[in-house]
Every structure is written in C-alpha cells, then in structure tokens.
Amino acid sequence: MKERMAGLIADDRVCMTEIIIFELLRGARSQKEYKMLLKDFSALPALSLDAKALQTAWETAFLCRQRGLNIPALDTLIASIAIRHGVTLMHSDRHYDLLSRHTSLKALAL
C-alpha cells in the first residue's frame, strides 16, 4: 500500500480533506509524529467542506438513517466531500463501502 500511495502522490493524484488530517493528527503518538504528519499532509492539495458538500452530507446522513445505517458523522462528511468533488475515496473503513452502495460515492478499499 505504501508503494501504491507513493506512486499516486508522485503523479499528483492524491488529495486530502481537513477532516482526514484532523483524524490522523488526533491519533499521533508523539509530538514528533504529530509534526511529521502535519507537514506531510499539509503539502497535499485539500478538498474543502463547502456549502454543497454540507448539503450532500445532510442528505446522506438522513438517507442512511432512513435505511437503518449508522454511519459516523465524520465518515459522512468525508464521503460527502469526495462526492462533491467527484473523486474516488481510498480507504480502509467499511463505512465507506456501505456509503458507496447507497450514494454516488466512488470508494476503493485499500
């Protein structure tokens, strides 16, 4: 996976969201790791959580709840940003596979 991501980054095919950076930094085990992660992820282009992505998130959360799916709020926001910007979300979280079955999210499990 590391080699695959390195190739995608080298080809300028990887972007981030502030929410993903938040989640990753929250899990840093030391100040050194925090600073390294912040530097690395801040260098990537960031997709914004704009009004259209928020509206998609509201609709997605409602749809999922109506279908009996309990998707964490941050996962819904991240998926909505990917939908809004028309990008494929690479992930290792089963919630995104569920979301891709019920929305227009393009998801690729790592």
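Computed from the coordinates by the stated procedures, all read-outs in this text should not be read as laboratory data. Predicted model, so just to flag it, every value in this text is computed and none were measured. Here the Cβ is made from the backbone with ideal geometry for all residues, glycine too, and neighbour counts use every protein chain on show.
Placing +1 on the Cβ of each Lys and Arg and -1 on the Cβ of each Asp and Glu in the chain, which of Ile19, Ala51, Leu74 has its Cα farthest towards the positive end of the resulting dipole?
Leu74
I want to check the label-to-label distance for Leu8 and Asp40. Put each point 7 Å from Cα in the C-beta direction and report it in nm to one decimal.
1.4
Among Lys2/Lys52; Lys2/Lys32; Lys35/Lys106; Lys52/Lys106, which pairs are too far apart, with a Cα-Cα distance over 29 Å?
Details: Lys2/Lys52 32 Å; Lys2/Lys32 20 Å; Lys35/Lys106 31 Å; Lys52/Lys106 17 Å.
Long pairs (Cα-Cα over 29 Å): Lys2/Lys52; Lys35/Lys106.
Return the label of the correct value of P(r) over Cα pairs in 5 Å bins from 0, in percent, as calculated from the structure shown, out of [x] 2, 13, 22, 21, 16, 12, 7, 4, 2, 0; [y] 2, 9, 7, 8, 7, 7, 8, 6, 5, 5, 5, 5, 4, 4, 3, 3, 3, 3, 3, 2, 1, 0, 0; [z] 2, 12, 20, 23, 20, 12, 7, 3, 0.
Correct label is [z].
Which value, in debye to the nearest 20, describes the size of the charge dipole of region 1-107 about its Cα centre when Lys and Arg Cβ atoms bear +1, Asp and Glu Cβ atoms bear -1, and nothing else is charged? Intermediate values should be presented prior to the final figure.
Details: 15 positive and 12 negative charges, 37 e Å.
Around 180 debye, computed over region 1-107.
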